[in-house]
Amino acid sequence: MGAEADSGFEPATGDGPPDPGPERARAASVRTAFAGLLQIRRLTNADRADPESVPAPWELHRPVRAVALALEAAGLPASAVDPSGRRTAKGYRVAAGSSPDTVRVEWPGPSGSGAAYEEEGELTRCAAVLRELGWTALLYRGPRGRRFLEVEPPAGGGRPDGR
């Protein structure tokens with residue numbers, strides 16, 4: 001997505017600053033990037049009945065970025081951290097998963113924010129967004145009972161190599 005890379009746009013992963021810039025400009029950048037992603041899907045998945053319903057090879061090579069863009073474009077809030085790494089906002093956090101093709105989505109927040117109580121419902125919302133876009137999203141319970149999503153390409157045909 002050349003124009004996106006040239007402009008320095010990065011989707012919110014939940015590990016960045018609480019304010020990625022002016023809200024209106026940010027929303028426009030997110031819309032433009034997501035429209036570009038859908039256009040890439042239409043072009044690379046042209047042989048499919050619904051080309052927008054399957055991740056494109058570009059996304060499969062950058063799954064953290066693709067998943068973060070999908071969640072931000074859906075209007076879900078991203079978590080944030082201050083310069084010292086202290087969590088300052090609750091919301092989704094997207095990171096590389098435990099295996100190469102997976103992404104982990106969590107719902108962290110600052111101490112006392114209630115993020116742990118909201119995580120199942122909010123992660124279910126995240127999963128719905130991602131499934132609509134063709135990703136496989138499974139909800140798990142991890143250490144200390146905290147829930148997270150494991151997101152991966154769809155089985156059979158989602159990956160560029162057909163695995």
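The values are calculated or read from the model by the stated rules, or taken from the named source; none is laboratory data. What you see is a predicted model, and the numbers here were worked out from it, not measured in a lab. Counting neighbours? That spans all protein chains shown, and the Cβs are built from the backbone with ideal geometry, glycine included. The accessibility values were calculated without ligands, DNA or RNA, using every heavy atom of the protein model including side chains. Shrake-Rupley method; radii C 1.70, N 1.55, O 1.52, S 1.80 Å.
Which one, SER111, LEU69, SER79, is farthest towards the positive end of the dipole of the range 1-117 when Lys and Arg carry +1 and Asp and Glu -1 on their Cβ?
Ranked along the dipole, the leading option is SER111.
Between ARG144 and ASP19, with labels modelled 7 Å along Cα→Cβ, what's the label distance in nm to one decimal, could you check?
With each label point 7 Å from Cα toward Cβ, the separation is 2.9 nm.
Please list the radius of gyration and Dmax for the range 50-163, considering alpha-carbon atoms only, with Å as the unit.
Final numbers for Rg and Dmax: 14.2, 45 Å.
Can you give me the % of accessible surface on the range 56-163 that is carbon or sulfur? Probe 1.4 Å, all protein chains present, nothing else counted.
51
Per residue, how many Å² of accessible area does the chain show with a 1.4 Å probe?
Counting only protein heavy atoms, the per-residue value for the chain is 53 Å².
In nm, to one decimal, how far is the ASP50 label point from the ALA95 one, both placed 7 Å along Cα→Cβ?
Label at ASP50, label at ALA95, 3.3 nm between them.
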